[in-house]
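J.: Here you go, one structure.
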Amino acid sequence: MNEIIRIEGLVKRFGDKPALNGLDLSVHEGEIFGYLGPNGAGKTTTVRVISTLTDYDSGKVVVDGHDIEEEPYEAKECMGVIQQQISLDKDLTIRENMIVHCMYHMMGKKEREERIAELSKYVGLEDYLDRTVDSLSGGWKKRAAIICSVLHSPKVLFLDEPTAGLDIQARRLLWDLVRALNKRGTTIFVTTHYIEEAEILCDRVGIIDHGRLIAVGRPQELCETVGSTVVEYTKEDETTEYRCFRNRDEADEFAKGLGSYENLLVRKTNLEDVFVELTGKAAGEFQ
């Protein structure tokens, strides 16, 4: 598949501490790519560097054929970015925020009116366009921010933990929007600390730890690298143990030998198991 993002040997330091430590990464055109890692692993720094919001020390970043150092404006024109904090202007209405965004990208009045009308109708925002940002719920603010970021028809949309703090209904509505934008041809790069979100949404997933990519592949492929089946059980000290096995027979044999452990469960491997196996971090440390 064609690469739309290529990162080679990317290094970014904050003082003496490397946030990105020789990162190599490739994202395919047209995919939804999930980016997982513990806090401080370098997820947000990666997004900020690719989108030219943060400089870097060394390496190479190419977006849609444009080196971000040599052709920053051409590269930025290919991108839309939603950061963790909503960046809409609270003093403006949703429509006014959209107009300002279109003007940043030198869109004429006719073109911007058509795009605003089209995308607002597409996600059901028509009735909210003349309301202020603070009058909307968190889910609608995120929808409005995403639509603002794609008004100029970027080829790549970066979403940095887009559903953090949202209830499950709002999260699922945003998942639907992400899928719909992807079907229209937009490549999606999403960081998340909800592992099930990556499993549900993403074509491929990359796991970063200590500023390096330690695994990448389809969710099912990554699960198979640690084993197809997990035995989960609670020990006498009330801690939970997880053991991965190549197949169900091996897992069942191990489970039989545990005897009377409480809350014993034999199940399929998921991405959280992969994360714990590869990073050594417990689930609580992931969030």
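J.: Please give the helix 168-183 orientation as an angle from the longest Cα principal axis of the chain, in degrees from 0 to 90, rounded to the nearest 10.
T.: With both axes taken from Cα atoms, the answer is about 70 degrees.
J.: OK, next. Using only the Cα atoms of the range 1-94, what semi-axes does the equivalent ellipsoid have when each is the square root of 5 times a gyration tensor eigenvalue? Give whole Å, largest first.
T.: Those come to 22, 18, 14 Å.
J.: Give me a comma-separated list of calculated 3J(HN,Hα) values for the range 33-47, in order, Karplus coefficients 6.51, -1.76, 1.60 applied at θ = phi - 60°, integers in Hz, x for any Gly or Pro.
T.: Along the range 33-47, the couplings run 10, x, 10, 10, x, x, 4, x, 6, x, 5, 5, 4, 4, 4 Hz.
J.: Any chance you could give the angle, 0 to 90 degrees and rounded to 10, that helix 109-123 forms with the longest Cα principal axis of the chain?
T.: Helix 109-123 and the main axis of the chain meet at about 30 degrees.
J.: If amide hydrogens are placed 1.01 Å from N in the peptide plane, which non-local residues have theirs closer than 5 Å to the one on THR269?
T.: The list, which skips near neighbours in sequence, is THR229, VAL230.
J.: Along each principal axis of its Cα atoms, how long is the range 87-184 end to end? Whole angstroms, biggest number first, please.
T.: 38, 30, 22
J.: From the phi of every residue in the range 9-15, what ³J(HN,Hα) in whole Hz does the Karplus formula 6.51 cos²θ - 1.76 cosθ + 1.60 yield, where θ is phi - 60° and glycine or proline is x?
T.: Each residue of the range 9-15 in turn: x, 6, 10, 9, 10, 10, x Hz.
J.: Separate question: Gaussian network model of the chain, Cα springs within a sub-10 Å range: biggest mean-square fluctuation belongs to which of TYR73, TYR104, TYR128?
T.: Between TYR73, TYR104, TYR128, it is TYR104 that shows the largest mean-square fluctuation.
J.: What pairs in LYS121/LYS142; LYS110/LYS141; LYS109/LYS183; LYS43/LYS268; LYS121/LYS141; LYS90/LYS183 have C-alpha atoms more than 22 Å from each other?
T.: Pairs exceeding 22 Å: LYS110/LYS141; LYS109/LYS183; LYS43/LYS268; LYS90/LYS183.
J.: Oh, and also: Given H placed on each backbone N at 1.01 Å, which residues far from LEU53 in sequence or on other chains put an amide H within less than 5 Å of it?
T.: none
J.: Next question. Principal axes first, then extents: for the Cα atoms of the chain, list largest minus smallest coordinate on each axis, whole Å, largest first.
T.: 71, 44, 36
J.: Let me ask something additional. Highest GNM mean-square fluctuation, the chain, Cα pairs closer than 10 Å: which of THR239, THR187, THR132?
T.: Sorting by GNM fluctuation, first place goes to THR239.
J.: Karplus couplings for the range 18-30 from phi (6.51 cos²θ - 1.76 cosθ + 1.60, θ = phi - 60°), rounded to Hz, Gly and Pro as x?
T.: Karplus values, whole Hz, x for Gly and Pro: x, 7, 10, 10, x, 6, 10, 7, 9, 10, 7, 5, x.
J.: Out of GLN220, GLN84, GLN169, any idea which swings most in a Gaussian network model of the chain, alpha carbons joined below 10 Å?
T.: GLN169
J.: Sticking with this one: Is the range 222-286 best put as rounded, prolate or oblate by its Cα gyration tensor, with a ≥ b ≥ c the root eigenvalues, rounded for a/c under 1.5, and otherwise prolate when a/b is larger than b/c, oblate when not?
T.: Oblate is the answer for the range 222-286, as a/c is 1.5 or above yet b/c matches or exceeds a/b.
J.: Sticking with this one: Let me have the 222 nm mean residue ellipticity of the chain computed from DSSP H runs of 4+ only, each contributing -39500 (n - 2.57), with the sum over all residues rounded to the nearest 500.
T.: After summing the helix terms and dividing by residue count, I get -11000 deg cm²/dmol.
J.: With contacts defined as alpha carbon pairs under 8 Å and 6 or more residues apart, what's the relative contact order of the chain in percent?
T.: Details: 521 pairs, mean separation 61.2, N = 287.
Rounded, it is 21 percent for the chain.
J.: Stokes-Einstein at 4 °C, 1.567 mPa s, Kirkwood radius from Cα pairs: D for the range 165-287 in µm² s⁻¹?
T.: So the translational diffusion coefficient is about 80 µm²/s.
J.: Still on this structure, please answer the following. Tell me which residues come under 5 Å, amide H to amide H, from LYS155 once H is placed; ignore anything under 5 positions away on its chain.
T.: MET79
J.: Next question, about the same structure. Which of LEU173, VAL100, THR191 sits farthest toward the positive end of the charge dipole of the chain, with +1 on the Cβ of Lys and Arg and -1 on the Cβ of Asp and Glu?
T.: Result: VAL100, furthest along the dipole toward the positive end.
Just so you know, all these numbers are worked out from the coordinates, no wet-lab data involved. Source: prediction; values computed, not measured. Neighbour counts run over all protein chains shown; Cβ positions are idealised from the backbone, glycine included.
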